[in-house]
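Encoded as structure tokens, the structure appears first; notes follow it.
Where a number appears in this text, it was derived from the coordinates with a stated rule and is not lab data. Computed from a predicted structure; not experimentally measured. Please note: Cβ atoms are built from the backbone with ideal geometry, for glycine as well, and neighbour counts cover all protein chains shown.
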Amino acid sequence: MIRTIREVMSYLRSLACKIFGCGSARKTGNGNSQNPAGSQERKKHGEPVVAQEPTKNDDDFVFPKDFVWGTGTSSYQVEGAWNVDGKGESIWDRFSHTPGKVKNGDTGDVACDHYNRFAEDILLAKRLNLNSYRFSIAWPRLQPNGRGEFNQHGLDFYDRIVDACLQNGITPFITLYHWDLPQALEDEGGWGNREVCELFAAYAAKCVERYGDRVKHWTTFNEPWCTSFLGYENGYHAPGKKDPKLAAQVAHNLLVAHGLAAQAMRKVAKKPIKVGIVLNLSITEPFHADDPEDVKLAEAAWRRDCGAYLDPLYRGTYPADHAAKIGDLREGDLKIISQKLDFLGINFYSRGIACKSELPYPIPGSTYTAMGWEVSPWALRGLLTRIYNEYGHPTLYVTENGASFDDVIEGETVADTKRLDYIREHVRQVALTIKSGVPIQGYFAWSLMDNFEWAEGYSRRFGIVYVDFETQKRTIKDSGHWFANAAKQNRVSLK
Ligand code: FCB
């Protein structure tokens with residue numbers, strides 16, 4: 001049995017809750033006791049979180065001075081206002097409105113009401129001492145049918161977000177596609193239809209024309225693997241199709257769309273822009289490090305999982321067995337895909353494990369988040385280092401990392417020690433990676449606030465800020481206080 005990122009993400013996303021029940025978080029691993037947030041005086045709403053005085057300590061790692069400390073959200077997960085001010089229907093609107101698709105029948109109709117509360121949320125990011133905000137544009141808010149006229153209200157909305165970021169000293173990182181395709185395009189075959197690649201490039205160019213005077217960092221796609229596999233192969237995500245052949249084509253088309261968009265964006269940009277893509281990648285470790293079969297399986301998993309994306313993007317080739325699965329692979333496609341990438345964003349949550357025999361689950365000694373994802377921070381360093389070394393020293397960001405645990409709010413406090421531990425351990429791994437000579441440009445915690453966690457609805461909280469979905473009140477969790485402190489000091493203790 002082999003546990004790779006593919007299997008781990010889909011299997012655990014969909015099954016862990018059923019197997020372990022919700023709230024199954026096991027005791028977190030390191031027992032690390034010191035909690036700087038705990039001793040911190042809580043501030044009233046609107047005031048910045050004041051960092052503790054840096055203590056001079058040889059065990060501290062100081063990040064490079066331009067290190068990016070950010071958090072991420074995505075349009076469907078936070079905005080709400082699903083049918084307001086001319087927005088078109090997205091595949092996630094359709095999916096969540098279809099009974100049985102999302103846990104508890106939850107939808108993103110209101111979500112965090114970020115459409116109306118973005119200014120408050122960006123101020124929150126400022127209070128957390130963050131210098132960057134990663135968010136996505138809802139294509140159907142800008143272009144309701146995915147083609148033709150643009151929606152003035154939608155264009156204006158993202159103008160306001162960008163301006164609010166800049167006014168607060170926060171650099172906007174825009175994702176152009178975080179899974180909410182206009183439903184009208186899905187009705188024409190969605191990402192299986194090659195024409196959608198051209199339409200995406202046109203939409204991307206429009207975004208750069210509109211916001212490129214103020215926004216430098218652009219990501220075409222968030223986690224294309226999730227779109228193709230979870231959306232078109234196992235049906236766990238919108239649009240809910242179960243067609244492996246189509247999924248292979250979708251995976252390819254998304255990369256073609258990425259390349260076409262990169263070309264189109266650079267063509268219209270009046271100021272220099274940075275174009276990247278965000279991939280969910282992991283490193284697969286052999287369960288028995290001294291068993292040659294497990295080692296071989298782990299290596300094969302790496303080639304398959306990373307090769308399917310990093311090879312075409314950085315080398316202009318596909319692993320042969322992967323190429324064979326793509327029905328429509330045209331001459332010139334790999335050239336389009338392998339446009340220069342200014343940066344690569346890596347979303348990391350858990351390692352993969354390869355084992356020639358049945359893998360025990362849970363693994364004795366391992367700890368898990370409420371998603372059932374194993375906590376394995378060391379693997380982040382291994383992943384970043386291997387990508388850096390094997391793919392020509394790309395510019396790397398950790399664009400997502402975080403954990404879901406069942407939070408308890410008491411008054412103004414959410415003592416989310418397990419999430420705090422998780423984030424701190426991963427930030428430490430980033431520090432160690434940099435220390436070992438692999439430059440990492442930034443770390444974005446997922447997520448700024450609790451939000452709609454796709455097929456798990458609101459049952460899974462990933463925020464460093466707690467959201468009461470009844471009242472929309474935001475409360476900074478202890479993990480948020482810790483992160484604010486680390487960001488302010490630009491350092492982390494390695495002790
Ligand atoms: C990632 C998604 C993000 C969020 C986290 C938990 O795969 O990009 O939107 O759902 O998982």
Checklist entry - Restricting the search to region 390-432, which residues are touching a helix residue (DSSP H, G or I) at 6+ places or on another chain (Cβ under 6 Å) and either within 15 Å of Met371 (Cα to Cα) or among the basic types (Lys, Arg) (or both)? => result Asn401, Ala403, Phe405, Arg419
Next on the checklist: Can you report the number of residues in region 289-308 which are within 16 Å of the ligand (Cβ to nearest atom) and assigned to a loop (DSSP other than H, G, I, E, B)?
Outcome noted: 0
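Please list, ordered by residue number, the helices (runs of 4 or more DSSP H) wholly in region 50-142 having 1 or more residues that are touching a Phe, Trp or Tyr at 6+ places or on another chain (Cβ under 6 Å) and small (Gly, Ala, Ser). Talk me through it step by step, then tell me what you get.
Numbers: elements: 75-78, 91-96, 114-127, 139-142.
Result: 114-127.
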Checklist entry - Has region 475-492 got any residue that is in contact with a helix residue (DSSP H, G or I) (Cβ under 9 Å, 6 or more places away or on another chain), small (Gly, Ala, Ser), assigned to a strand (DSSP E or B) and within 16 Å of the ligand (Cβ to nearest atom)? => result no
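Given the criterion in contact (Cβ under 8 Å) with a residue 24 or more places away in the chain and under 23 Å from Ser228 (Cα atoms), identify the matching residue among Ser136, Ser132. Give the derivation first.
Working: Ser132 fails: under 23 Å from Ser228 (Cα atoms).
Sole residue among the options that is in contact (Cβ under 8 Å) with a residue 24 or more places away in the chain and under 23 Å from Ser228 (Cα atoms): Ser136.
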Checklist entry - For region 284-297, does any single residue satisfy the condition of being touching a residue at least 12 places away in the same chain (Cβ under 8 Å), buried (at least 24 other Cβ atoms within 10 Å of the Cβ) and of a type in the set (A, V, I, L, M)? => result no
Checklist outcome for this item: Reported set for region 388-410 where residues are in contact with an Asp or Glu (Cβ under 8 Å, 6 or more places away or on another chain) and not aromatic (Phe, Trp, Tyr) is Thr395, Ser404, Asp407, Ile409
Checklist entry - Looking only at region 442-474, which residues are under 26 Å from Asn104 (Cβ atoms), surrounded by 20 or more Cβ atoms within 10 Å (Cβ to Cβ), away from the ligand (no atom under 12 Å from the Cβ) and hydroxyl-bearing (Ser, Thr, Tyr)? => result Tyr466
Checklist entry - Restricting the search to region 399-413, which residues are in a strand (DSSP E or B) and surrounded by fewer than 24 Cβ atoms within 10 Å (Cβ to Cβ)? => result Ile409, Glu410, Thr413
Checklist outcome for this item: Across region 284-299, the tally of residues that are under 25 Å from the mean Cα position of the chain (by Cα) and among the aliphatic types (A, V, I, L, M) stands at 1
Item to check | Residue match in region 481-491 (condition: within 18 Å of the chain's Cα centre (by Cα) and not hydroxyl-bearing (Ser, Thr, Tyr)) | outcome: yes
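Working only within region 414-431, note down all residues that are closer than 29 Å to Pro172 by Cβ, away from the ligand (no atom under 16 Å from the Cβ) and in a helix (DSSP H, G or I). Give the steps one after another, and end with the answer.
Step one: of region 414-431, the residues closer than 29 Å to Pro172 by Cβ are 414, 416, 419-420, 422-431.
After this cut, where a residue has to be away from the ligand (no atom under 16 Å from the Cβ) as well, the list is 414, 420, 424-425, 427-431.
Passing the criteria: Leu420, Arg424, Glu425, Val427, Arg428, Gln429, Val430, Ala431.
In region 313-336, which residues are within 21 Å of the chain's Cα centre (by Cα) and not hydroxyl-bearing (Ser, Thr, Tyr)?
We begin by selecting, within region 313-336, every residue within 21 Å of the chain's Cα centre (by Cα); these are 313-314.
The one that is within 21 Å of the chain's Cα centre (by Cα) and not hydroxyl-bearing (Ser, Thr, Tyr): Leu313.
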